[in-house]
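The values are calculated or read from the model by the stated rules, or taken from the named source; none is laboratory data. Keep in mind it's a predicted model, so treat the numbers as computed, not measured. Neighbour counts run over all protein chains shown; Cβ positions are idealised from the backbone, glycine included. Ligands, DNA and RNA are excluded from the accessible area calculation, which covers all protein heavy atoms including side chains. Shrake-Rupley method; radii C 1.70, N 1.55, O 1.52, S 1.80 Å.
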Amino acid sequence: DQQVKQNSPSLSVQEGRISILNCDYTNSMFDYFLWYKKYPAEGPTFLISISSIKDKNEDGRFTVFLNKSAKHLSLHIVPSQPGDSAVYFCAASGGSGDKLTFGTGTRLAVRP
Amino acid sequence: ETGVTQTPRHLVMGMTNKKSLKCEQHLGHNAMYWYKQSAKKPLELMFVYSLEERVENNSVPSRFSPECPNSSHLFLHLHTLQPEDSALYLCASSETTGRGEKLFFGSGTQLSVL
């Protein structure tokens with residue numbers, strides 16, 4: 001039973017345009033959400049996070065939006081750059097345990 | 001460079017072999033983790049150590065045996081593995097095991113079991 005779902009395994013975007021990566025969760029006890037980015041042959045690196053008391057968090061070109069009623073969050077990258085091409089993982093924590101629950105990832109390809 | 005170093009980067013082993021994965025963190029963190037990443041599956045938490053004490057064992061088979069001799073080093077000892085254990089094994093660290101703690105990952109060990 002996957003509690004964090006990234007239903008799009010891949011996404012291709014033109015350089016300069018917006019990339020939108022989506023994540024859905026089922027556990028209503030999750031109250032903290034993170035995005036990690038992973039390049040080939042490297043481990044995931046932290047990108048941005050959001051607490052459930054907020055509905056938006058922005059850091060430079062990256063913005064995460066949280067819709068608690070829909071149990072949905074999204075990561076917006078604008079403008080997209082070729083160096084953003086990577087696998088993006090959504091993760092959530094909260095409830096009975098503090099461990100992070102990860103999604104399966106979305107592979108983003110930014111075309112020059 | 002994330003401050004978490006894993007060796008080896010690649011490992012091929014037979015089902016009867018014994019090998020160990022090593023992880024070292026230079027961040028002064030108190031918590032260390034082992035994760036498994038299989039193709040098209042989410043990252044799966046295997047073990048959590050806080051201040052060298054194992055605080056979670058996520059129903060991992062006994063053929064995987066972790067060891068944390070100090071807060072900077074973490075090992076995963078492998079013996080009599082199965083082909084389905086082939087995966088990327090990631091080590092991570094964090095300041096504490098608190099809710100939402102940011103994890104710092106190593107580059108992983110790509111394990112193939114023949």
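Considering each of B:LYS36, B:LYS18, B:LYS22 in turn, give the residue that is charged (D, E, K, R), open to solvent by 60 Å² or more (accessible area, probe 1.4 Å), under 13 Å from B:CYS91 (Cα atoms) and touching a strand residue (DSSP E or B) at 6+ places or on another chain (Cβ under 7 Å).
Only one candidate qualifies: B:LYS22.
Yes/no per residue for (1) within 14 Å of chain A (Cβ to nearest Cβ); (2) open to solvent by 60 Å² or more (accessible area, probe 1.4 Å):
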| position | (1), (2) |
| --- | --- |
| B:ARG9 | yes, yes |
| B:HIS26 | no, yes |
| B:ALA31 | yes, no |
| B:PHE47 | yes, no |
| B:GLU52 | no, yes |
| B:VAL60 | yes, no |
| B:SER65 | no, no |
| B:CYS68 | no, no |
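Residue under question is B:ALA39, and the condition is that it be of a type in the set (A, V, I, L, M), within 13 Å of another protein chain (Cβ to nearest Cβ) and not in a strand (DSSP E or B); does it hold?
yes
Might you let me know whether region B:82-95 holds any residue that is in contact (Cβ under 8 Å) with a residue 60 or more places away in the chain, open to solvent by 10 Å² or more (accessible area, probe 1.4 Å), within 9 Å of chain A (Cβ to nearest Cβ) and of a type in the set (Gly, Ala, Ser)?
No, region B:82-95 contains no residue that is in contact (Cβ under 8 Å) with a residue 60 or more places away in the chain, open to solvent by 10 Å² or more (accessible area, probe 1.4 Å), within 9 Å of chain A (Cβ to nearest Cβ) and of a type in the set (Gly, Ala, Ser).
Of all residues being part of a strand (DSSP E or B) and without any contact (Cβ under 8 Å) to a residue 24 or more places away in the chain in region A:65-112, which is farthest from the chain's Cα centre (by Cα)? Just the residue, please.
A:GLY97
Regarding A:SER96, is this residue more than 10 Å from every other protein chain (Cβ to nearest Cβ), modelled with pLDDT under 95 and out of contact with any Ser or Thr (no Cβ under 8 Å at 6 or more places or on another chain)?
Criteria met by A:SER96.
A:VAL13 is checked against (1) among the aliphatic types (A, V, I, L, M); (2) within 14 Å of another protein chain (Cβ to nearest Cβ); (3) open to solvent by less than 70 Å² (accessible area, probe 1.4 Å); (4) over 10 Å from the mean Cα position of the chain (by Cα) and fails just one. What number does that condition carry?
(2)
Return the only residue of B:TYR89, B:TYR35 being aromatic (Phe, Trp, Tyr) and touching a Ser or Thr at 6+ places or on another chain (Cβ under 8 Å).
B:TYR89
Among the residues of region A:28-63, how many are under 14 Å from A:SER74 (Cβ atoms), open to solvent by 60 Å² or more (accessible area, probe 1.4 Å) and within 8 Å of chain B (Cβ to nearest Cβ)?
Qualifying residue count for the region: 0.
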